1. I need the full set of residues from region 9-28 which are over 23 Å from T40 (Cβ atoms) and of a type in the set (F, W, Y), in order please.
2. Here's a check for you: in region 32-88, which residue that is aromatic (F, W, Y) and surrounded by 10 or more Cβ atoms within 10 Å (Cβ to Cβ) is modelled with the highest pLDDT?
Amino acid sequence: MRIVERVAGHYEAQEVEFGRVYTWNPECVVAECECGKRATFKRSDVVEGFVTACECGMDHTSRIQEELVSDPLDEEDKIVHPWRYWHTSRETGLPF
């Protein structure tokens, strides 16, 4: 199984009568099995192990999870949101 497409989490705006409504769409991946079947999975389902096997009987959950763990989007998140990854150290003088 291979990852064919990744779609980052994003908001979609929809025009309604009195303004806009924003809907969150979580990150998802499109995976293609060796048999040619494609399936779309939300990242949360893959991480939590709720992915079902392909119709041909092959279960590639662990392979998809490995690819998502080495996600380049995580590196981008570290650049955009550095405060999420900051940890105190003895040199800062701040209590642990």
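1. F18
2. So, considering only residues that are aromatic (F, W, Y) and surrounded by 10 or more Cβ atoms within 10 Å (Cβ to Cβ), the one modelled with the highest pLDDT is F41.
The values are calculated or read from the model by the stated rules, or taken from the named source; none is laboratory data. Nothing here was measured: the structure is a model prediction, and the numbers come from that model. Reconstructed Cβ throughout: ideal geometry from the backbone, glycine too, with neighbour counts over all protein chains shown.
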